[in-house]
Amino acid sequence: MDEDLIENDEKGIEVSDHSPSASGEPDSRATDVAVADELEAEIVAAREEAQVSSLSAEAGQRESGATDSSPQPSPSGSAEDEVKAPVPFEKFKQLQEEKEELYDRLLRKQAEFENFRKRTEKEKQEFFDFALSNFIKDLLPVIDGLERGLYAPDGETVESYKKGIELILKQFRDVLATVGLQPIRAIGKIFDPNYHQAVMQEKNNSLAENEIIEELQRGYIYKDRLLRPSMVKVAVPVASETPAEVPEKD
């Protein structure tokens, strides 16, 4: 349609150039030439504008096609859909060697730790056996004294035999004291539930309340720790009985 208009305009220009004016004056031809120049300039500008618009339309089509052809991200957005760049072979080989080296070091450390654990357990058991052997060695004289008491001569009196047993008992207590065993003192002390266990009571107003009268079984402390409480009998006050008041008669 634009080309037809351009052709008609050109024909009109040509007709106006060759046709004589109605008045027959010479200046009418010059006016027609000026009009033709203006129309030609407008036609050139229209052509240039049409070329620019066509080029811009082609560029837009190319951009839209490139946008449509590009990969679209998945709706889920998972990392598996992303394309990962390949790792170079040299880098892969280096990482493989580092992994093997670290795994070998881990195995060595585990073996060293296992050997250390076994060695410490063995040393601990050896130390315990050595300490126990020293304690048993200190108890051997007590065993010797008891064996000699069994083979006492027939003329031995009860008093001398009892004195010998007391010496053996003292020796045995001394050995136990060396390892930290101490008896709990109870006679004459006030009852303490942390160290004493009351199994009997006796009414007595001459003694303080809960004072220990008798020790039925001795208790012991091992290195500031209660090993066994003492079984004791404690004193309790006698309840005073007062006669009831008799009301006065009128």
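Computed quantities for the displayed model
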| read-out | value |
| --- | --- |
| Total charge dipole magnitude, segment 180-236, about the Cα centre, Cβ charges on Lys, Arg, Asp, Glu only, Debye to nearest 20 | 260 |
| Members of Lys137/Lys163; Lys163/Lys203; Lys99/Lys122; Lys189/Lys223 lying beyond 29 Å, as alpha-carbon distances in this model show | Lys163/Lys203; Lys99/Lys122 |
| Chymotrypsin sites (Phe, Trp or Tyr not before Pro) lying in DSSP loop within segment 88-143, provided at most 12 other Cβ fall within 10 Å | none |
| Cα gyration tensor shape for segment 180-236, rounded if a/c is under 1.5, else prolate or oblate | prolate |
| Ranked list, fewest to most other Cβ atoms within 10 Å of each Cβ, for Val87, Val158, Val142, Val232 | Val158, Val87, Val142, Val232 |
| Potential extension, Ala45-Asn204 segment - 0.36 nm per residue separation minus Cα distance | 43.5 nm |
| Length gained when the stretch Thr157-Asn194 is fully extended (0.36 nm per residue, less Cα-Cα span) | 9.1 nm |
| Taking segment 180-236 and dividing mean pair separation by its residue count, relative contact order in percent (alpha carbons under 8 Å, at least six apart) | 46 |
| Charge dipole of segment 180-236 about the Cα centre (unit charges at C-beta), most positive-ward option of Val234, Ile184, Gln197 | Ile184 |
| Cα gyration tensor, segment 95-228 - rounded (a/c under 1.5), prolate or oblate | oblate |
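Only the coordinates and a few stated rules stand behind these numbers; no lab work does. Computed from a prediction, not measured in an experiment: that's the story for all the values here. Cβ coordinates were reconstructed from backbone atoms using ideal geometry, including for glycine residues, and neighbour counts include every protein chain displayed.
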